[in-house]
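Novice: Can you read through this structure? Questions will come right after.
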Amino acid sequence: MIPAFPILPNPNDPRLTRRISGTDQTGAEVTLSVVEERPLTIYLNAQEIVTAMTIGDYPEYLALGFLRNQGMLRGDDIVTAIDYDEEVETVVVRTTRQTSYEDKVKRKTRTSGCAVGTVFGDMMEGLEGLTLPQTAVRTSWLYALAHQINTVPSLYLEAGAIHGTTLCFEEKPLVYMEDVGRHNAVDKISGFMFQHGIPAADKILYTTGRLTSEMVIKTALMGIPVLASRSGFTAWGVEIARQVGLTLIGRMRGQRFVCLAGEGRLIRDADPATQAEEGRKHSRKAAADDE
C-alpha cells in the first residue's frame, strides 16, 4: 500500500538545514536556511559501490534506487536486509545471491550534471528492445500536478539549492523526494517503488531538474512512460526519449509546457487559457536556469 502523499523532507527538520549568518549587498546582516550536504557510502553485499553526496534522508531508498538504476539489482532480486549506520554514513544492501556488478563498477562514470550520474555502456544496452506502455496522459492532469507540487511545503521553498522529484498517478502526487542532486531524488523514488512493489506502467515522473540523457535513461529503465519537468531539455535526452518511446515534457510552468517526444500519449482536454499562472511565491526552477 502506498503511504499517503506526501513523503518528503520536513523543511523544519534540523538535520536537513542549517542557519548560517552573513551579509547582503548593503553590508546588512542576514541569516539563511542552508541545505545540509553529507556523504553516503553505498554497499552491495560486501562490495563498496559509490559515495553519493546527499541531504541524508531516506538513505535506504536512495541506495536501492541507485543500485536498481545502475542495473546492479534486478527486478527479481530478493533483498534480505538494508542496514543503515548513521554514525559512519553507510548503507549496506544485502541480497540472497551474489550479484554480478564487478564490470559495472570498473566502468567510467560520466554525468552531465549534479550528484551521482549514470554508468554508461550496459545502461544504454538495457534500452534495446525496451517498450514503454502507451498510457494516455491528460493535460488537465499535468496542470493539476504542477499546481499541487509547486505549493507543497518543501526544502526548496525553505532554503533553495535543491531538486525535487514526484511520482504521480493521473492528477495525484504519490511520493515526493528532494535532494541536492536530481539523480539522487529520482533514485529515492526508484528505491521506494522497488521496496513497495509499485507498478510503473501508469505513472508520471515529475522533476524540477533538466531533462538530460541520464534522467531519461533512469525513467525509461524504471518503466515509467512519462517524464515531465519545469526545466529544459538536452538534445541527447530528447533523442533517447524518442528512441524508447518515452513522453518528454519540459518548460512546464503555469499555462505553458513543451512536448518534444511521445506526443501521441497526450490528450489535450484542458484549455491553457483557463489555467492559473504561477505565483512568484511558489516559483521554482526557471527555464532560464535549467538547473
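Novice: What is the magnitude of the charge dipole of region 137-282 about its Cα centre, with +1 placed on the Cβ of each Lys and Arg, -1 on the Cβ of each Asp and Glu, and no other charges, expressed in debye to the nearest 20?
Specialist: 200 debye
Novice: Please work out the Cα convex hull volume for region 133-216 and give it in Å³ per residue.
Specialist: 98 Å³
Novice: Moving on to the next point. Could you work out how far apart the two model spin labels at ASN45 and GLU29 are, taking each label as a point 7 Å from the Cα in the direction of the beta carbon, and quote it in nm?
Specialist: 5.7 nm
Novice: Label region 127-169 by shape, choosing from rounded, prolate and oblate, from the square roots a ≥ b ≥ c of the eigenvalues of the Cα gyration tensor; if a/c is under 1.5 it is rounded, and otherwise prolate applies when a/b is larger than b/c, oblate when it is not.
Specialist: oblate
Novice: Now for a separate question. What ranking do PHE66, PHE257, PHE233 get, fewest neighbouring Cβ atoms within 10 angstrom at the top?
Specialist: Going from least to most buried by this count: PHE257, PHE233, PHE66.
Novice: Contour minus end-to-end for ALA273 and ASP76, with contour as 0.36 nm per residue of separation and end-to-end as the Cα-Cα distance?
Specialist: Stretched out fully, the ALA273 to ASP76 stretch lengthens by 66.3 nm.
Novice: Near the amide H of VAL175, under 5 Å away, which other amide H atoms are found, from residues 5 or more places off or on another chain, if H is placed in the peptide plane?
Specialist: HN-HN under 5 Å from VAL175: LEU167.
Novice: Whole-Hz ³J(HN,Hα) for each residue in region 194-207, computed from phi via Karplus 6.51 cos²θ - 1.76 cosθ + 1.60 with θ = phi - 60°, x for glycine and proline: what do you get?
Specialist: Per residue, the Karplus-derived 3J(HN,Hα) values read 4, 5, 9, x, 8, x, 9, 4, 10, 9, 10, 10, 10, 9 Hz.
Novice: Next question. Arrange CYS259, CYS168 by Cβ neighbour counts within 10 Å, fewest through most, would you?
Specialist: Working: CYS259 20, CYS168 25.
Neighbour counts put them in this order, fewest first: CYS259, CYS168.
Novice: What residues have an amide H closer than 5 Å to that of ALA270, excluding those fewer than 5 places away on the same chain, when H is modeled at 1.01 Å from N in the peptide plane?
Specialist: Amide H neighbours of ALA270: THR139, SER140.
Novice: Distance between the C-alpha centers of region 197-231 and region 161-188? Whole Å please.
Specialist: 10 Å
Novice: Please turn the phi angles of region 80-96 into ³J(HN,Hα) values with the Karplus equation 6.51 cos²θ - 1.76 cosθ + 1.60 (θ = phi - 60°), one per residue in order, whole Hz, x for glycine and proline.
Specialist: 8, 6, 10, 9, 10, 10, 5, 5, 9, 6, 9, 10, 10, 9, 10, 10, 6
Novice: What is the Cα convex hull volume of region 137-282 when expressed per residue in Å³?
Specialist: 97 Å³
Novice: Taking the mean number of other Cβ atoms within 10 Å as a proxy for protection, how do you rank 42-52, 18-28, 169-179 from highest to lowest?
Specialist: Peptide ranking by packing, descending: 169-179, 42-52, 18-28.
Read-outs throughout are calculated quantities, based only on the coordinates presented, and are distinct from any laboratory measurement. Note that this is a predicted model, so its numbers are computed, not measured. As a convention, Cβ positions derive from the backbone with ideal geometry for all residues, glycine included, and neighbour counts pool all protein chains shown.
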